[in-house]
Amino acid sequence: MGLFEKFTTIANGRNMLDQLGFDPFNVEIEEILSPTMARIAGREVLLAGTNNYLGLTFDPRCIEAACSATRAEGTGTTGSRMANGTFAGHRALERELAEFFGCAKAIVFSTGFVANLGVISTLTGPGDTLLIDGDCHASIYDGCRMSGADIIRFRHNNAADLEKRLRRLGDRAKNTLIIVEGIYSMLGDRAPLAEIVALKKKYGFWLMVDEAHSLGVLGRKGMGLVEEADCLEDVDFIVGTFSKSLGAIGGFCVSNHPELDLVRYASRSYLFTASPSPATVASVRQALQLLASGKDLRERLWCNARHLYDGLAKLGFSLGPEPTPVIAVYVRSKEETLFSWKELLDQGIYVNLILPPAAPDGKSLLRCSVSAAHTHEQINHIIKAFSAMSADITL
Ligand code: PMP
């Protein structure tokens with residue numbers, strides 16, 4: 001057995017799924033028909049778990065930008081920017097991101113995951129402290145582990161618990177980086193940013209916000225929670241991804257600290273991985289323009305989010321704390337979550353199946369994400385599918 005001994009629990013879980021006769025973790029999307037529809041197992045299915053918040057993946061302008069960049073510059077960069085050189089598009093995208101956020105500096109990474117790894121592990125090191133919300137994303141946890149700094153978690157969205165820990169830190173608060181998310185990926189709630197900024201003024205720590213799920217979703221221009229809460233001046237670093245509202249792949253960090261540029265030279269996940277492809281850069285640049293001027297898209301997105309949240313709440317399901325485009329339905333047990341997920345798929349609805357340890361506090365969730373591209377009828381269809389299940393399964 002050797003190395004594979006530690007996989008016994010995973011193997012047992014897989015055997016259980018084999019006996020059930022379906023595998024929710026290996027769903028094959030046979031054909032992707034639109035931002036909201038796909039063919040799975042020969043049937044048309046309504047997608048309610050894409051993170052495609054603005055529905056831009058099929059926008060003809062983004063597609064055309066990606067195609068013409070591929071024709072002009074090729075399919076890939078075939079290496080990192082330090083070794084192989086920076087394409088003009090990388091620079092242009094960084095300039096446009098900095099302009100969009102009104103920040104001095106921007107760095108583009110190959111994914112949001114490696115943006116977090118690279119930025120967190122480079123900014124902090126032994127002797128520093130990381131104080132992170134307990135519900136932060138895996139990439140934030142991994143970046144923290146790689147840094148060698150002391151890692152302290154505070155209770156999710158609990159500013160009082162955060163302050164308690166800051167008090168204990170005393171002078172070390174000055175070398176402390178606090179990390180929160182704009183909208184949390186699993187429960188869909190927002191960080192209490194105004195309260196955290198008030199603590200920053202009192203204790204003088206550094207603050208990073210991951211806007212992966214809030215970029216394009218919150219704020220008049222779609223900059224995220226930092227814009228909505230009017231805290232741009234007070235947040236030191238914003239990180240985010242191109243893989244959700246921008247409909248592509250990649251990640252970024254922006255900051256008003258000119259020293260952010262130095263992170264490039266120290267961040268292994270920037271230095272030692274291939275830079276984003278011309279197609280990605282071109283479609284993201286186009287999508288960023290659409291996102292910035294996408295007030296109508298945001299209105300439609302929020303209208304859909306409220307409609308689904310209210311509809312599921314009325315059916316008696318226990319949901320995440322507030323209506324946002326990420327809507328988590330709590331289910332009592334792992335088994336019931338698994339079977340409900342399958343029941344929804346049989347009714348032609350695809351949602352995200354979230355089992356421990358992926359969800360906070362060992363909970364199991366049916367996670368829905370809403371898109372501006374969903375029609376009113378599609379949202380009704382999702383509600384109807386849930387209504388066919390008993391709300392008794394909910395926590
Ligand atoms: N941060 C958060 C909060 C996320 O939810 C995710 C992805 N789900 C990431 C970072 C990583 O983004 P990417 O998919 O671009 O690697």
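Tabulated data for the structure shown
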item	result
Hits among aspartates and glutamates - C-alpha to C-alpha of Lys334 under 17 Å, sequence gap 8 or more where chains match	Asp18, Asp23, Glu343, Asp361, Asp392
Under DSSP loop assignment and at most 14 Cβ neighbours within 10 Å, longest GluC sites (Glu not before Pro)-free interval of the chain	29-258
Entries of Lys221/Lys363; Lys314/Lys384; Lys342/Lys384; Lys200/Lys363; Lys164/Lys200; Lys174/Lys244 with Cα pairs more than 23 Å apart	Lys221/Lys363; Lys200/Lys363; Lys174/Lys244
Share, in percent, of DSSP beta bridges within the chain that are antiparallel, nearest 5	60 percent
Net dipole in debye of the chain [+1 Lys, Arg Cβ; -1 Asp, Glu Cβ; about Cα centre; nearest 20]	560 debye
For the stretch 60-293, size of Cβ-based charge dipole, Lys and Arg +1, Asp and Glu -1, in debye	280 debye
Among Asn380, Asn352, Asn84, residue whose mean-square fluctuation peaks in a GNM of the chain (springs only between Cα atoms under 10 Å)	Asn84
Residues in the stretch 136-163 that a label on Ala198 would reach, taking backbone N under 13 Å of a point 7 Å out along Cα→Cβ	159-161, 163
Charge dipole of the chain about the Cα centre (unit charges at C-beta), most positive-ward option of Phe113, Ile379, Gly125	Gly125
Residues with amide H under 5 Å from that of Gly49, placed H, sequence gap 5 or more	Ser369
Residue-by-residue Karplus 3J(HN,Hα) for the stretch 381-393, coefficients 6.51, -1.76, 1.60, Hz, glycine and proline x	4, 5, 4, 4, 4, 5, 5, 6, 9, 6, 6, 4, 5
Fraction of beta bridges assigned by DSSP in the stretch 60-293 that are antiparallel (%, nearest 5)	40 percent
For the chain, convex hull of alpha carbons as volume per residue, Å³	156 Å³
Amide H contacts under 5 Å for Arg153, placed H, 5+ residues apart	Ile132
Glu28-His381 FRET efficiency (beta carbon distance; Förster radius 22 Å; 0.05 resolution)	0.50
Gain in span if fully extended, Arg43 to Asn158, counting 0.36 nm per residue against the direct Cα distance	37.0 nm
Two-decimal Rg to Rh for the stretch 60-293 - Kirkwood Rh, Cα set	0.97
Least to most buried among Trp341, Trp302, Trp206 (fewest other Cβ within 10 Å first)	Trp302, Trp206, Trp341
Hz values of 3J(HN,Hα) by residue in the stretch 302-307 - Karplus curve (6.51, -1.76, 1.60), Gly and Pro given as x	5, 4, 5, 4, 5, 4
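Where a number appears in this text, it was derived from the coordinates with a stated rule and is not lab data. Nothing here was measured: the structure is a model prediction, and the numbers come from that model. Cβ coordinates were reconstructed from backbone atoms using ideal geometry, including for glycine residues, and neighbour counts include every protein chain displayed.
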